[in-house]
Amino acid sequence: MTDIQKEDRPDRLSVHPAVVDGVLVVTVRGEIDHDGRDVLSQALTSPDGAAPPRIVADLSSVTFMDSSGINVLVTAHRQVSAAQGWLRIAGARKPVERVLHVVGLDALIDCHPTVEQALNS
């Protein structure tokens, strides 16, 4: 798969979806905000618009995330849960991890220090 970027602000957010052992791993780089939410949302869904049943969102290269990112992750979590699947977050840096904790998303979505741990838990 290829990187997905918002064309008018390519330095702000990029995502790279790849399938690892049947799990969609979405590696995210940059800032997840209002401008990039559609890019992330697109990466977390299949071409037909459905959410794959198992997803790991690798946030290890995310430097900032606001409520737009939270909303995208909650929506993706709901979609995969409805399909008897799961969404896991991996590698969130301290500032992003704090946002996840403050809004309680870490209680809703399993968070792991690494992609490998998220894949194997």
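Each value in this text was obtained by applying a stated rule to the coordinates, not by laboratory testing. Predicted model only: the values in this text are computed from it and were never measured. So basically every Cβ, Gly included, is an ideal-geometry build from the backbone, and we count neighbours across all protein chains shown.
Placing +1 on each Lys and Arg Cβ and -1 on each Asp and Glu Cβ, with no other charges, gives the chain a dipole about its Cα centre of roughly 240 debye. Close amide-amide hydrogen proximity is noted between residue 65 and 32, each under 5 Å apart and 5 or more residues distant or on a separate chain (H modeled in the peptide plane; Pro and chain starts excluded). Oblate is the label for region 57-121, because the ratio a/c of its alpha-carbon gyration tensor axes (a ≥ b ≥ c) is 1.5 or higher and a/b is not greater than b/c.
Take the Cα of residue 20, step 7 Å toward its Cβ, do the same at residue 84, and the gap between the two points is 2.6 nm.
Between 109, 70, 80, the Cα set farthest toward the positive side of the dipole of region 4-120 (charges on each charged residue's Cβ, about the Cα centre) is that of 109. Against the empirical curve 2.2 N^0.38 Å, the C-alpha radius of gyration of region 4-120 lands at a ratio of 0.95.
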